[in-house]
Amino acid sequence: QVQLVESGGGLVQPGGSLRLSCAASGSIFISIYPMGWYRQAPGKQREFLATKTGDGTTMYADSVKGRFTISGDSAKKTVYLQMNSLNPEDTAVYYCYHASTKTWGQGTQVTVSS
């Protein structure tokens, strides 16, 4: 069993940056990959943002390509989402998702506002 805890959310001004972290705990035999990031804004469906597989392959949604970067540290069992050039439309609760165990984190709020 795997537990995921996101952190790093908060309030940021338009044009700013944040780095989210997703720390995995539980079974030490499970790889942190593949891991994905999603977000859900009020009144909207949960939206795919990015994913990273064990061979290093990454994939991004068009809405964040070039602005967001997913990375990870297997030794720390942590996956990151670097978010740059944030705008108010990026305001949402951000979740990480461990695909092989179908586990979601609890989410972290990101608010982009001046």
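The values are calculated or read from the model by the stated rules, or taken from the named source; none is laboratory data. Just so it is clear, the model here is predicted, and its values are computed rather than measured. Note that each Cβ is placed from the backbone with ideal geometry, even for glycine, and that neighbours are counted across all protein chains shown. With ligands, DNA and RNA removed, areas are computed over all heavy atoms of the protein, side chains included. Shrake-Rupley method; radii C 1.70, N 1.55, O 1.52, S 1.80 Å.
Evaluated against (1) assigned to a loop (DSSP other than H, G, I, E, B); (2) surrounded by 13 or more Cβ atoms within 10 Å (Cβ to Cβ), SER114 falls short on exactly one condition, (2).
Looking only at strands (runs of 3 or more DSSP E) that fall completely inside segment 1-47, which ones have 2 or more residues that are touching a helix residue (DSSP H, G or I) at 6+ places or on another chain (Cβ under 9 Å)?
Numbers: elements: 2-7, 10-12, 18-26, 35-40.
Once the strands (runs of 3 or more DSSP E) in segment 1-47 are filtered for at least 2 residues that are touching a helix residue (DSSP H, G or I) at 6+ places or on another chain (Cβ under 9 Å), nothing remains.
Of the residues making up segment 53-84, those that are exposed (fewer than 14 other Cβ atoms within 10 Å of the Cβ) and part of a loop (DSSP other than H, G, I, E, B) number 11.
Scanning segment 85-111 for residues that are open to solvent by less than 60 Å² (accessible area, probe 1.4 Å) and assigned to a loop (DSSP other than H, G, I, E, B) yields LEU86, ASN87, THR91, ALA99, THR101, GLY105, GLY107. Taking the criterion of being among the basic types (Lys, Arg) and more than 16 Å from the chain's Cα centre (by Cα), the only residue of segment 22-59 that qualifies is LYS44. Taking every residue in segment 33-55 that is free of Cβ contacts under 8 Å to residues at least 60 places away in the same chain and β-branched (Val, Ile, Thr) and pairing it with any residue that is surrounded by 21 or more Cβ atoms within 10 Å (Cβ to Cβ) and assigned to a strand (DSSP E or B), at least 6 positions away or on another chain, the pairs with Cβ-Cβ distances below 8 Å are THR51/MET35; THR51/GLY36; THR51/TRP37; THR51/ILE70.
Return the residues of segment 25-47 that are open to solvent by 20 Å² or more (accessible area, probe 1.4 Å) and small (Gly, Ala, Ser); say none if nothing qualifies. Matches in segment 25-47: SER25, GLY26, SER27, SER31, ALA41, GLY43.
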